[in-house]
Amino acid sequence: MNIKKGDIILVHSRNFISRIIQFGMNVERWRWLSFKPFWKHVCNHAAICIDTGIIAEALSSGVTIHSFDRAYRNITNADITVYRPPLSESQLNFIYQKAVKYRGVRYQFENFIQYIPKILLGIWLGRTYINAEDKLYCTEYVALVLNRITFGELFPKYWRTSPSGVQSWCEKVCAKIAEIIIDKDGNWKYNFYE
């Protein structure tokens, strides 16, 4: 699959930790009184393409830059959706430089606890602005890169961006490029939209 610079990769996995994240995101959606069905097929992980076929993502080992194929070659029982945001050529020219700046930054494991008040009450108790950049979780990192290349236009509060927040933004603003359905045996089925 040929992903392009700026594409956003959203992953919906079916393992225990992923299900906990997805449950929290659906509780958060319910709190917003969206009057939509409680359980939505919500993502639990996000990455961003910073060059053709090269993605950057915050993993438990820290912010990592590698090929899309290498990143997901061993994944099973998951869905991957690729969105293309409406970014200008000049914004895309900065994406690699801004994303690589955070290579090696540690993963923010505390976000699982910090997110509980946000999910239940809408209150953010975590770090903000520059203080939030020494540890990053996946959707925070994607939102931070988008914030930096748009000079603050997108995701002004990137430090509190949830998987459902990135997914909702993608569904409203971005073009859906592809869906990849990966079964329990690791077989990939592609659906292309553009």
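Laboratory data are not the source of any read-out in this text; all were calculated from the coordinates shown. The structure presented is a predicted model; accordingly, all values stated were derived computationally and were not measured. No Cβ is skipped: glycine too gets one built from the backbone with ideal geometry, and neighbour counts run over all protein chains shown.
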Residues of the range 66-88 with amide N under 17 Å of a point placed 7 Å along Cα→Cβ from I17: 71-79
What does the extension gain come out to for R70 and R103, with contour length at 0.36 nm per residue minus their alpha carbon separation? 10.2 nm
Roughly how many debye, to the nearest 20, is the charge dipole of the range 132-185 about its Cα centre, given +1 on each Lys and Arg Cβ, -1 on each Asp and Glu Cβ, and no other charges? 200
The range 133-189: translational diffusion in µm²/s, Stokes-Einstein, Kirkwood Rh over Cα pairs, 4 °C, 1.567 mPa s: 100
Can you flag which of K135/K157; K5/K101; K98/K135; K135/K176; K5/K176; K4/K189 are past 18 Å Cα-Cα? K135/K176; K4/K189
Cβ-placed point charges (K, R +1; D, E -1), dipole of the range 58-113 about Cα centre in debye, nearest 20: 200
